[in-house]
Amino acid sequence: MEFKYLGKTGEKIPVIGMGTWKIGGGWYSTDYSKDREAVEALRLGLKLGMKFIDTAEGYGKGHAEELVGEAVKNEKDVFIATKVSPEHFKYEDVIKSCEASLKRLKVKQIDLYQLHWPNPNVPVEETMKAMEKLVEEGKIRYIGVSNFSVEEMKKAQEALSKYEIVSNQVEYSLLCRDVEKDVLPFCQKEKITLIAYRPLTRGKIFKFSKVFDDVCRKYNKTISQVALNWLIQKKQVVAIPKASKPEHVEDNIGAVGWKFRKEDIKMLEAMAEKYKQKNLASTLLKLPIF
Ligand code: NAP
């Protein structure tokens with residue numbers, strides 16, 4: 001595994017972590033039918049070195065966190081990131097949400113606690129006051145945000161009096177590069193980690209793998225390895241693909257340990273751009289966020 005510093009902290013996290021959206025259900029529903037498969041996939045990923053798991057209180061209505069707790073129970077040094085949902089951004093609700101997440105995860109401390117999306121209806125000062133309290137009480141180690149614009153990140157940082165925002169989790173993949181306009185340069189300048197979610201465009205990238213055939217063949221890598229490696233070569237960027245199938249977990253770990261030549265990065269980006277311009281991707285990119 002390769003590691004990068006988390007924000008300006010001295011903490012190093014794996015460049016490839018594991019996402020958990022759709023593990024244990026959806027947004028409004030819990031599904032217990034694939035628990036074993038989900039836990040086994042996470043355990044396999046941990047064994048292979050992906051000791052960084054991203055989850056959220058909203059995934060599977062909390063059941064994803066329970067499955068993460070099950071997967072990490074005999075493990076050491078796993079970096080656990082979870083998220084508080086925007087409807088819980090009032091002071092007391094943040095505290096309650098965090099305590100409930102700790103119980104479901106069966107851990108004493110959450111490594112990274114993230115605001116899942118901005119919520120304009122609750123002053124960010126109120127939410128951040130609760131986040132700081134949680135750090136002081138040792139219930140969380142670091143504060144992060146998700147789906148925040150540059151302006152929202154600045155406001156969130158101003159609302160914090162003692163700690164810094166260490167990360168912003170946003171959509172970023174070869175087929176969705178919007179963050180390159182402002183969020184990525186800002187994170188790179190301010191040394192804030194950008195956690196790339198949906199790095200495989202929810203698996204849709206595989207439908208169009210022919211577009212990337214040349215690069216895959218040249219490096220003898222799969223499309224997933226190419227797409228993830230392209231992301232983690234960017235300064236401050238780490239990625240959290242979700243995989244429930246063991247062969248997918250094993251495939252994704254192959255994204256580390258090698259590097260593209262500069263000219264091939266350009267070629268890859270040009271191919272992705274051409275493909276987008278043909279509007280082949282336009283419908284794919286209109287996906288709801290979770
Ligand atoms: P993703 O990681 O881009 O894609 C996941 C899909 O790709 C799954 O269907 C998975 O299949 C498939 N897959 C994974 N590795 C593969 C491989 N090597 N070969 C072929 N298929 C492969 O999409 P995502 O799950 O939406 O995003 C990743 C994580 O980011 C989430 O799980 C979540 O933790 C986070 N996220 C956060 C937000 C936010 O608002 N903060 C929004 C979206 C996502 P199998 O599962 O069948 O293996």
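Tabulated data for the structure shown
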{"quantity": "The chain, helix-only ellipticity at 222 nm - DSSP H runs n ≥ 4, -39,500 (n - 2.57), divided by all residues, nearest 500", "calculated": "-11500 deg cm²/dmol"}
{"quantity": "Accessible area of Leu42 in the full protein assembly, 1.4 Å probe (Å², nearest 10)", "calculated": "0"}
{"quantity": "Semi-axes of the equivalent ellipsoid for region 147-236, Cα gyration tensor, largest first, Å", "calculated": "31, 12, 9"}
{"quantity": "Part-to-part distance (alpha-carbon centres) for region 57-89 and region 165-233, which is given in Å", "calculated": "23"}
{"quantity": "Cut-off of 10 Å, at most 13 other beta carbons, DSSP loop: longest stretch of the chain lacking such trypsin sites (Lys or Arg not before Pro)", "calculated": "9-72"}
{"quantity": "DSSP bridge orientation in the chain - percent antiparallel, rounded to nearest 5", "calculated": "15"}
{"quantity": "Whole-number accessible area per residue in Å² for region 1-63, which is evaluated in the context of all protein chains at 1.4 Å", "calculated": "45"}
{"quantity": "Relative contact order [Cα under 8 Å, 6+ residues apart], the chain, whole percent", "calculated": "19"}
{"quantity": "Long pairs among Lys12/Lys207; Lys210/Lys262; Lys47/Lys139; Lys221/Lys245, criterion Cα-Cα beyond 29 Å", "calculated": "Lys12/Lys207"}
{"quantity": "Share of Cα-Cα pairs in the chain lying beyond 35 Å, as whole percent", "calculated": "14"}
{"quantity": "The chain - percent of accessible surface contributed by carbon and sulfur, probe 1.4 Å", "calculated": "51"}
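The values are calculated or read from the model by the stated rules, or taken from the named source; none is laboratory data. Quantities reported herein were computed from a predicted structural model and do not represent experimental measurements. All Cβ positions, even for glycine, are placed from backbone atoms using ideal geometry, and neighbour counts span all protein chains on display. Ligands, DNA and RNA are excluded from the accessible area calculation, which covers all protein heavy atoms including side chains. Shrake-Rupley method; radii C 1.70, N 1.55, O 1.52, S 1.80 Å.
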